[in-house]
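After the structure tokens below, expect a handful of questions from me.
Bear in mind that the values in this text are calculations on the coordinates, not laboratory data. Values in this document were obtained by computation on a predicted structure and should not be read as measured data. Cβ atoms come from the backbone with ideal geometry, glycine included; neighbour counts cover every protein chain shown.
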Amino acid sequence: MAEAEKGVWFDNPAIREAFWPSVWETLVMTGWSTLITVLVGTPLGLLLVATARGGLLPNRVANQTLGFIVNVGRSIPFIILLIAILPFTRWVVGTTLGWKAAVVPLTVGAIPFFARLVETNVRSVQSGK
């Protein structure tokens, strides 16, 4: 306990060799998945608004199809999604291990939530009549 009080915990070789690189990998993984989620989720959310009744490109079939895909994507628990798309992850990244492989399910899981967030917020803006 005396060593922990002196602040030598971070001098532990295991912390230097594993902890800090893992923190960096987590930040990189989060950054990439956020970037891809925004790049894919924003157009998807805008398309949901545009194809809705009263939108710029009203198309009932497209809107209901996109809405269904978003709703299904939002309802799947992440751990199930992670396992279900392992073959897709291996196809895209070439592996199912490491931070690069984790970006795929994180992104696929986040896109429907972000798309719905974009749709809801764009719909809440007054039309400007």
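Between the DSSP loop rule and a limit of at most 13 other Cβ atoms within 10 Å, which trypsin sites (Lys or Arg not before Pro) in the stretch 52-110 are left?
When the trypsin sites (Lys or Arg not before Pro) of the stretch 52-110 are filtered for loop state and at most 13 Cβ neighbours within 10 Å, R53 remain.
Mean 1/r over all different Cα pairs, inverted: what Kirkwood radius does the stretch 73-113 give, in Å?
For the stretch 73-113, the Kirkwood estimate is 10.1 Å.
Among L48, L81, L56, whose mean-square fluctuation peaks in a Gaussian network model of the chain (Cα, cutoff 10 Å)?
L56
Dipole of the chain, Cα-centred, from +1 at each Lys and Arg C-beta and -1 at each Asp and Glu C-beta, to the nearest 20 debye?
The dipole magnitude comes to about 860 debye.
Taking every pair of alpha-carbon atoms in the stretch 13-123, give the share separated by more than 18 Å as a whole percent.
The share of Cα pairs beyond 18 Å in the stretch 13-123 comes to 57 percent.
Add -39500 (n - 2.57) for each DSSP H run of 4 or more in the chain, then divide by its residues: what number comes out at 222 nm, to the nearest 500 deg cm²/dmol?
After summing the helix terms and dividing by the residues of the chain, the value is -23000 deg cm²/dmol.
What relative contact order, as a whole-number percentage, does the stretch 13-123 give when Cα pairs under 8 Å and 6 or more residues apart are counted?
40 percent.
Out of L27, V108, G67, whose Cα points farthest toward the positive end of the dipole of the chain (charges: +1 Lys, Arg; -1 Asp, Glu; placed on Cβ)?
Final value for the positive-end residue is G67.
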